[in-house]
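Written below as structure tokens is the structure these notes are about.
The values are calculated or read from the model by the stated rules, or taken from the named source; none is laboratory data. Worth saying up front: this structure is predicted, and the values here are computed from it rather than measured. Positions of Cβ are generated from backbone atoms using ideal geometry, with glycine treated the same way; all protein chains shown enter the neighbour counts.
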């Protein structure tokens, strides 16, 4: 869940107007820190959400079941935010996730949870983050400059993608990583799994 969505959500759930200064006090940071995190589209950690739940006596993590959905968590699947990770196991467990973590949630979509590894998408995605993936159906087009999980030559990646007629542009948020272009017959080796529509940050 993003910091920028928090004040409106708390106000909606409690009927009590909440501002950035109140959030800063609860989390033990300055108002400027909260303002900076909003500007950088920062995600709240689970620990921060628990503090806010305790303060306002509301459910943000979906623990009461009313705002949560079931999806599979692929514990051993790591989408690389770097140079690629080979997947050795696809064991999965059912898990309940709050809909509040999912951008533009739709009951008609299929979701799953995987792990992120590497720093090429930092600071938006960090190593250890859990990524909520909205699965892509066969006829869906790529929306330019959104973040996708995809398989290329048997390795999994998480990157920003843009599609031209005969090439796929693969971009990282971390400027230390160069932009790559997949074109021609290599496009046959690309399988887009889905779009990253939520991030759960545990620390």
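Here are some notes:
- Every pair of residues 6+ apart whose Cβ atoms lie under 8 Å, when the first sits in the range 163-185 and is without any contact (Cβ under 8 Å) to a residue 60 or more places away in the chain and on the phi > 0 side of the Ramachandran plot while the second is surrounded by 10 or more Cβ atoms within 10 Å (Cβ to Cβ) and part of a strand (DSSP E or B): 184/167
- Subset of the range 54-85 [modelled with pLDDT of 75 or more and part of a loop (DSSP other than H, G, I, E, B)]: 57, 58, 59, 60, 81, 82
- Check on residue 83, assigned by TED's automatic domain parsing to the domain that holds residue 117 and within 22 Å of the chain's Cα centre (by Cα): yes
- Among the residues of the range 1-32, those identified as at pLDDT 90 or above and outside any helix (DSSP H, G or I) are 28, 29, 30.
Results for (1) over 17 Å from residue 77 (Cα atoms); (2) surrounded by fewer than 18 Cβ atoms within 10 Å (Cβ to Cβ), shown as yes or no for each residue.
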| residue | (1), (2) |
| --- | --- |
| 158 | no, no |
| 168 | yes, no |
| 172 | yes, no |
| 180 | yes, yes |
| 187 | yes, yes |
| 195 | no, no |
| 198 | no, no |
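- Number of positions in the range 95-136 that are buried (at least 18 other Cβ atoms within 10 Å of the Cβ), touching a strand residue (DSSP E or B) at 6+ places or on another chain (Cβ under 7 Å), in a loop (DSSP other than H, G, I, E, B) and in contact (Cβ under 8 Å) with a residue 40 or more places away in the chain: 5
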